Structures are given as C-alpha cells and as structure tokens.
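What follows is a single structure, written as structure tokens, with notes after it.
Readers should treat all values here as calculations from the given coordinates under stated rules, not as data from a laboratory. Computed from a predicted structure; not experimentally measured. All Cβ positions, even for glycine, are placed from backbone atoms using ideal geometry, and neighbour counts span all protein chains on display.
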Amino acid sequence: SSYQSVPGANITSPTVKWRVAVTPSVQRSCGPVIADVRGDYPGCEVIVYDGLFAKCLDGETGNAIWSTEIDTTPGFPNSTPAVGDVNGDGIPEVIIAQHRPGTLICLNGQTGREIWRDTVGLGQLIMAPVCLADVSGDNIPEILVGQQFSDTLFCYNGNGTIRWKSQPLGIGVSINGISAGNVDGNPGNEIIVSINDMTPGTARCIVCLNSSGTIIWKYPSSSVVAIASIPTPTLGDVTGDGRLDVIVYRGDNNKICALQGSNGSEIWTYSIPNNPRGDTLYLLFQNLGAWDVTGDGRAEVFFGTGGADDTVTHDTTSWQSWFICLNSDGSERWRYLVDYWCYDGGPAVCDIDGDGALEFLKTADDGFLYVLNAETGEFEWRYDWYDQDDAPEWTIDAPIAVGDIDGDFCSEIVTLSSGEASVGNEVTALDGPGTGCWDGDQEGSGYSTPILLARPGRGVLYLGVKGVDRAEAVIWDASGRRVGELSLGEKPAAVPLPGGIYFVEARCGATSTRGKAVVY
C-alpha cells in the first residue's frame, strides 16, 4: 500500500543524522529498508545493498553492524533488499537480488552470514525487487522473483529450493514488478506481476497468478502493441468492499488503471496530464502508493510523473512534473507542480510531524524531499539534500523509508540521496528535533500521548503502550479491514493473527498514535 504508519514522528525542520557512502552503481529503484533485525526494538536497523555489499547499519550512528560482500565487481542493483523470516527459525533473513547474473542471496539478518545463494533460471538480469509473501498458507513467506527476457516467475522456499515456476507469461517479456495479496476474497494470496513487453504485441501488461503460479487473468485481455508496465502494481481497496483492488500504470495509453482483483476488469482509468508547457509525462519504476487518507474506507492513489525532454529547446520548463493524488473513484483530488521529474522512487504516506494528519512524502529530481498534506496537497516543507557537501553532484528522485531507527520513539526518514558522480550515492538519515516526541505533552482531556509498541511475531502480533496506563487499540489488515479491537497496557498483549501486514491505532482520550508491524 506504500502507507508507512510510524511511531511519534516529529519532523518539521529536518537535520542530517548521518550519511553513509555507497558505490556509484546503485540504482534509483534500489532503496533502503528499515527493519528490526536484531530483535532489540525500540530502534530499527537500516538495510542497504549497493551492488558490492549488503550492509546492516546501526540506526543511531550509521555505522555498519555487518557488511557482506555480494560481488567482487560493481553491479547495477535494481532490487531493494527484502527482510522477513523466510525459513521459520524466528530470525529475520535479508534477501538480496543480484542484478547480473540474476542470483538470489539469503543472509542471516542478525549477522550477515550467507545462508544460501542460487542463480535464478539462466541467470538473466533481475530488474525488479523480490516480493516476500505467504503463498503456501503456512504463515512463512516465500520469495517471488522475476527476470528480464524470461517468461517465468519463480517462487522459492526459504531454504533456497524452487517451490514452483509459473505458467509462461509471454514471449520476450521482462518482469518489472511483483505484488502479492488477497485480491479475490478467497483464502490465500494472489500474485500480481507487471510486464514490460520486450517483443511488442506478444505480451500483456498485468498478469494475476494464483498461489501455485497458474494464470487467473491478464490485463488487457487481448494483445496490444508496445505495451509497458514498469511500476510495481499497488494493492488497495478503492471500492470500499473490503477486498484489495489492483492499481497499475499502463504504458501504451499512459493511464493509471484500477482493476477488480477477482477478474482484472477495469473499475476506472485516469489519463496522465501533460505539464503546463504541454509536454507528455508518464511514470517509471516503483511509483504508485495507495492509502485511505480521508477516512471513508476507500483508498486514494498517489504518484509522481516525469519524462518530458528539453534536449530540443533546452527550455527547463519542459522538466516540470506533477505529484498527483486521485480519489478512490479515479477522479483527481489534487496535483502539485515541481520543477523536475519525480517519476522514479516510490512515495510514502504517514504522519511525519505528529499533528494527526497524514503527509505525502516524495523525492524529485531537483534534489528536494517534499512533504505535502496527503488529503489536500498543501505544501508543508521540503528538504534540499542536493550539493550538501559542496562537491559536484547529481540527484535522483530516490525511494525513501520512514521509521524509528534510533529508539527515541520518534521516526526518522532514510533515503538514497545524491552523491559526487565519481564517488557514488549516499544513504542519508534525516531526523527531527530529537527530543520532546514523547515527553507527556498534554492534549485533550489531560491525557499524554501514548507510545505504541508493536512487535512482529510468528502467527502473533505483540502490542503494548507506554506513557499512559491504558489505551484502546484498533487493528486493520493491509486491505483496510478492521480485524481486532482491544485495550492495551504496558505489558505486551499477544494478538493471534494470520501472516501479513497490520496497522494499529492506539487512542487515549483525544490523543492517538499509529503503528505498523508484520506477522510472519
């Protein structure tokens, strides 16, 4: 859903917490991941992969907890690391997808020790992040991976063996995005694959597979010319029926499309608008996000655009692009103009400043991280990471991650930022004031803000609160369906739940806080 519900964010005037250099080859689609791999939360770690090394960084300092060599020659990583307990041993693993040759590497999340590696298929390039999802129904996620010029999606078990290979997806295709979730309302997760047609007219844009790799539906159902769907599909309930719908970008007609998960039929379509000069804009990489920011039980859709060219006129106004939010019915809710492309790295939606309203966070090619009110599109603030060290640099609209990385119960922002071209990129952590996030600010009826503690478990979610004696909590699943309500105290309560992502809100009087956790 690209919604990141985070504890106690209080960032309105960010400062650099730390910066860590990575190799020049790291790609804009290979972002950082925030995860509690040491099991000592509060305070998560930051996982990065730069083509040479996979690294686990201490959230407080940015120092490497471990660094594991993946390749001796710099590659061009296109795949964000994935973190999850894939072998059921109670310890999170880190899954790395090596770009060339296409290889999966499984590391122990606590030590970085390599557990296994396997060349996928014939070693074709891996162009998209792997997806971890429980497709077997045992509450342990499997590993889903696809390649360029390969018509097969591979499903791996956590021990490195192949569980299944999908039906052929099309001649000469490249798998560019994988999502998984329950989109048809029946038990089990389906898999949504976006395809870039490397042989025009022979492939489809989107394929929905069942949990054993059999094709359920394709969209569009008939062959079209030169179709491309590069961004990863996003899942969200835009109809309010409690089922996940599929939101995709269609490259042949330059539209955002919402599809019924059960059969792939169109719910609505939205045409990408030109920039103010009339130049055509489009989407690229992992760019779609979805979450209900209005509270009506239906998800809004968020993305950035780009791609207009100034090589003919050298008029930089041709670079102007939009951040856009769509209502759940596909109508435009708001758009915000930026001076450069913003169609690469994915957005985040979260309450980043602790004011109770959700914000939209997105980077752009102008070197700024933008923060807008998610419901209205109103500008709140932006941060310039470009040319921070007075060195010649380049910038990209990079992916971002949000979470508490230093254990202060305030969330930080971590992004892949620009760097000197001859040296490489940098992973940058941005922090807020650092104090006062949870110091008992009085609001409403004299209550202090509750601190929500959410810890993942195998088949169970551990929830507790600090700062107040008791708070009332509501739990939603990834589709936005309410799945539980309970009273929380400081002693963690174990809530049995199926594997998946869950969102929690804890309320004490007029104050509340939100959290997000995974059940394995």
Q | Difference of contour (0.36 nm per residue) and Cα-Cα distance, residue 61 to residue 149 | A | 27.6 nm
(Q) Going by average Cβ density within 10 Å per residue, which order do the peptides 123-130, 62-69 take, highest to lowest? (A) 123-130, 62-69
Q) If you rank 175, 215, 96, 105 by fewest surrounding Cβ atoms within 10 Å, what's the result? A) 215, 105, 96, 175
Q. Given charges of +1 on the Cβ of Lys and Arg and -1 on the Cβ of Asp and Glu, with all other atoms neutral, how large is the dipole of the range 444-519 about its Cα centre, in debye to the nearest 20?
A. 180
Q) When each pair of different Cα atoms in the range 444-519 is counted once in the 1/r mean, what is the Kirkwood radius in angstroms, to one decimal? A) 12.2
Q | Proximal lysines to residue 55, defined as alpha-carbon separation beneath 23 angstrom and excluding residues fewer than eight positions away on the same chain | A | 17
Q: Pop a pseudo-label 7 angstrom from the Cα along the beta-carbon direction at both residue 357 and residue 280 and give the gap in nm to one decimal.
A: 3.7
Q) So, in nm, how far is label residue 337 from label residue 379 when the simple model puts each one 7 Å beyond its Cα toward the Cβ? A) 1.1
**Q.** Packing-based exposure ordering (other Cβ within 10 Å, fewest first) of 142, 490
**A.** 490, 142
Q: Would you work out if the range 27-121 is rounded, prolate or oblate? Take a ≥ b ≥ c from the square roots of the eigenvalues of the alpha-carbon gyration tensor; rounded if a/c is under 1.5, else prolate when a/b is larger than b/c, oblate otherwise.
A: oblate
(Q) Could you tell me the center-to-center distance, by alpha carbons, between the range 453-520 and the range 227-301 in angstrom? (A) 29
Q: Grab the beta carbon distance between residue 472 and residue 296, set R0 = 30 Å, and tell me the FRET efficiency rounded to 0.05.
A: 0.85
Q | Estimated FRET transfer efficiency (residue 493, residue 252; beta-carbon r; R0 60 Å; 0.05) | A | 0.75
Q. Roughly what would the spin-label model give for residue 481 and residue 111, points 7 Å off Cα along C-beta, in nm?
A. 4.1
